[in-house]
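Asks: Just dropping this structure here.
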Amino acid sequence: MNIDWQAEAEAKTQELIEKTTHLIAIPSVYREAPGENAPFGNEIKDALEQVLTWGEERGFTVRNVDGYAGHLELEGISSDCVGILCHLDVVPAGTGWTYSPFGKSAEDGKIYGRGALDDKGPAIASFLALSIIKELKLPLKRSIRLILGTDEERNWGCMAHYFANEREPLAAFTPDANFPLITSEKGIIDGFISFSPLPPVPTAELTLHHIQSGEALNMVAAEAKAACTFSSKKTKEKALLLFEQRFAQEKGHIDMNGEVVTFHVEGVSAHGSIPSKGKNAAVLLCSFLRELPLSLAEQRFCETVEEGFGPGDGSGLGLQLTDEFSGGLTVNLGRISYSEAEGGDIGINIRYPVSFSKQEIMRQLLKAVADFNGTWKEYDHLAPHYVKAETKWVQTLSEVYERQTGEKGEALSTGGGTYARALEKGVAFGPLLPGRESRAHQSDEYMEIADLVKCTAIYAEAIYRLAVQQTLE
Ligand SMILES: [Zn+2]
């Protein structure tokens, strides 16, 4: 059967715009106060119920799993299913918007608003993809499910609950990252290296009160500061001069408050999965502090920060590992603090290649931490996610993408964590085409309408082919 998927998708453009903007206008940000069947707040409940209602109106079988997640199903001969996984929750609006984040703004060929790209636009594209298959009355070997999660932006509690109640699709994709497709995602370890407080040993020349830098473990620390009191005038003058020389290029400034001198350094923020894209303010500051006559413990702390975590590639920890599927291990220094009373803390985010085990990484990390005289506390771990790019169903996604866009459909790897990790056999597949700007989680988030139409066409053909092809292996 020859189906013009692009024409089918184009015929649904008006509905695509209406439903996406309608959904954006429901501010489905996580709220603390859970209600009846609203574990993540009433707005998220409303968003989920809205899409399920549209599903019912269109004649899909729908299920709401206790307000955590839900699905629309198009039944096949077999009850085995293939799936698309989207999420209906969004991050808060934040500031700096030209358009209304929860308005109904569609102009210049774009839909603006929180969730336009991440992930409400793609959820509606997927909904319409299923609608096209239904309206064409195409016979299906397997059932097709559009699974709707509602806690992606926090900790995926939606998926844990959903899959405790519903079976896993045999194969699935999530439109929550980039095209062509992402089959390999690095393992992620978050944690802190702590140094116990030592009795203050002010050197004859200065007292270091505290060092502080960074906010989140998965962001390159963009700002850092250290407060000192100098007992030697000469040392103070030398320090001020050195700071000015060092930070003539970089951004830095000094605050004087009575006897206390605070050094401020500004770096460049970047996502923790690509530390080499940023400039770590904590590392810049500690590198400067090492030039001052600090106590031994303070020296050691600054040395550990600079030499252990300055290089973002793990070499400072003996962890310079790489593999062909996912590239090199990265280490991001996200947060540090140091004070006489509390001791020191270094918060890091490690992303390791898929062919290494957590045990292998931890063995070497703990050795390095012991060498630094610190102790390790794990905060979070996400196992690597990997689906073989040669598998039949993954090949099908590549082929569909290539035919519909004329671009190469090569599988990609990421250090990020996509929603595909919620699935055993899942990959991320779109919605962002190569070269497009992503304003996800930022002001004036948008999605090009033509791209959403293209997504509808790609998702319709892709999920249809997964539902009918002989084997998925
Ligand atoms: Zn998302």
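The values are calculated or read from the model by the stated rules, or taken from the named source; none is laboratory data. Owing to the predicted nature of the structure, the values given are computational and were not obtained by experimental measurement. A quick note on method: Cβ atoms are made from the backbone with ideal geometry, for glycine too, and the neighbour counts reach across all protein chains shown. Protein only, heavy atoms only, side chains kept; ligands, DNA and RNA dropped before computing areas. Shrake-Rupley method; radii C 1.70, N 1.55, O 1.52, S 1.80 Å.
Asks: With unit charges on the beta carbon (Lys/Arg positive, Asp/Glu negative), name the residue among A270, I84, G149 whose Cα is farthest towards the positive pole of the charge dipole of the chain.
Replies: A270
Asks: Let me ask you something else. Of the options G318, L296, A239, report the single residue whose Cα projects farthest towards the positive end of the charge dipole of the stretch 188-382 (beta-carbon charges: Lys, Arg +1; Asp, Glu -1).
Replies: A239
Asks: Here's another thing I want to ask about it. So which of K408/K454; K238/K279; K392/K454; K110/K454 end up more than 20 Å apart by C-alpha?
Replies: Correct reply: K238/K279; K392/K454.
Asks: Still on this model: Dipole magnitude of the stretch 298-448 about its Cα centre, charges +1 at Lys/Arg Cβ and -1 at Asp/Glu Cβ only, in debye to the nearest 20?
Replies: 580 debye
Asks: Could you state the orientation-averaged shadow area of the convex hull built on the Cα atoms of the chain, in nm² to one decimal?
Replies: 24.6 nm²
Asks: What is the stretch 184-299's relative contact order, in percent, from Cα pairs under 8 angstrom and six or more apart in sequence?
Replies: 29 percent.
Asks: Let me ask you something else. So, for the stretch 188-382, what is the accessible surface per residue at a probe of 1.4 Å, expressed in square angstrom?
Replies: 49 Å²
Asks: Mind pulling the angle between the C-alpha long axis of helix 42-57 and the longest principal axis of the chain? Nearest 10 degrees, somewhere in 0 to 90.
Replies: On a 0 to 90 degree scale, this one is about 20.
Asks: Compute, for the stretch 150-218, the length of the dipole vector about the Cα centre, with Cβ point charges of +1 (Lys, Arg) and -1 (Asp, Glu) only. Units Debye, rounded to 20.
Replies: With only Lys, Arg, Asp and Glu charged at Cβ, the dipole is about 180 debye.
Asks: Same structure, new question: Rounded to the nearest 500 deg cm²/dmol, what is the calculated helix-only ellipticity per residue at 222 nm for the chain, with -39500 (n - 2.57) per DSSP H run of length n ≥ 4?
Replies: Dividing the helical sum by the residues of the chain leaves -9000 deg cm²/dmol.
Asks: Express the relative contact order of the stretch 53-150 as a whole percentage, based on alpha carbon pairs under 8 Å and six or more residues apart in sequence.
Replies: This gives 45 percent for the stretch 53-150.
Asks: Do any cysteines of the chain lack a neighbour Cys whose Cβ is under 4.7 Å away, and which are they?
Replies: Lone cysteines by the Cβ rule: C81, C86, C158, C228, C455.
Asks: Quote the charge dipole size of the chain about the Cα centre in Debye, to the nearest 20; the model charges only the Cβ of Lys and Arg (+1) and of Asp and Glu (-1).
Replies: It comes to approximately 520 debye.
Asks: Please report the relative contact order for the chain, taking Cα pairs under 8 Å with a sequence separation of at least 6, and give it as a percent rounded to a whole number.
Replies: 24 percent
Asks: When ranked by the protection proxy of mean other Cβ atoms within 10 Å per residue, highest first, what sequence do the peptides 330-339, 71-80, 405-414 form?
Replies: The densest-packed peptide leads the list: 330-339, 71-80, 405-414.
Asks: Per the 1.4 Å probe, what fraction of the accessible area of the chain, in percent, lies on carbon and sulfur atoms?
Replies: Solvent-exposed carbon and sulfur of the chain make up 47 percent of the total.
Asks: With axes computed from alpha carbons, what is the tilt in degrees of helix 233-246 against the longest principal axis of the chain, rounded to the nearest 10 within 0 to 90?
Replies: 30 degrees
Asks: Follow-up. Determine ³J(HN,Hα), in whole Hz, for all residues of the stretch 148-162 in sequence, where each value follows from phi through the Karplus function 6.51 cos²θ - 1.76 cosθ + 1.60 and θ = phi - 60°; x replaces Gly and Pro.
Replies: Here the 3J(HN,Hα) series is 10, x, 9, 9, 6, 6, 10, 10, 6, x, 4, 6, 4, 5, 4 Hz.
Asks: Any idea what angle helix 13-24 forms with the longest principal axis of the chain, computed on alpha-carbon atoms, 0 to 90 degrees, nearest 10?
Replies: Here the helix axis deviates by roughly 40 degrees.
Asks: Using alpha carbon coordinates only, what is the Rg to Rh ratio of the stretch 188-382, with Rh defined as the Kirkwood radius?
Replies: Computed over Cα atoms, the ratio is 0.99.
Asks: Would you pull out the residues with amide H under 5 Å of T414's amide H, same chain only if 5 or more places away, H placed 1.01 Å from N?
Replies: S184, E185, K186
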